[in-house]
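Reviewing the structure listed below.
FYI, it's all coordinate maths here, none of it is from the lab. Given the structure is predicted, the values throughout are model-derived calculations rather than measurements.
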Amino acid sequence: MSHSWGYLNPDTPFAHIFPDGRVPLRSPFPIVPREAGAPLCYLVPGRELTEAQITALAEMLWEMWRPECDSIDQAAAYIRDDALPLRQDWFMGVGTNMRMML
């Protein structure tokens, strides 16, 4: 289970998929997912999402990913098998329950 999570902005297009506004994150630190100049993103581990969340995200993202993505099933498999990058500006903050070890 994730030890980090992000809090979505209420006006984020997929906020309804996460009713409590909390999304599991692989890390509390954003990354550049592709080429230089791409927006910073948090990685959302698909294994920590419900099937309903994966399906809803896949339906939304498939529209944006075409023609690189052939089907909603392909988008869902990507989300499920890897980590989905979501733009940092869609979040109002992050939290963690990690403890510093000396």
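Just a few scattered comments:
- The range 4-93: relative contact order in percent, alpha carbon pairs under 8 Å with at least 6 residues between: 34 percent
- Residue separation of Phe29 and Ala15 scaled by 0.36 nm, minus their Cα-Cα distance, works out to 3.0 nm of gained length.
- The chain: Cα Rg divided by the 2.2 N^0.38 Å rule of thumb: 1.07
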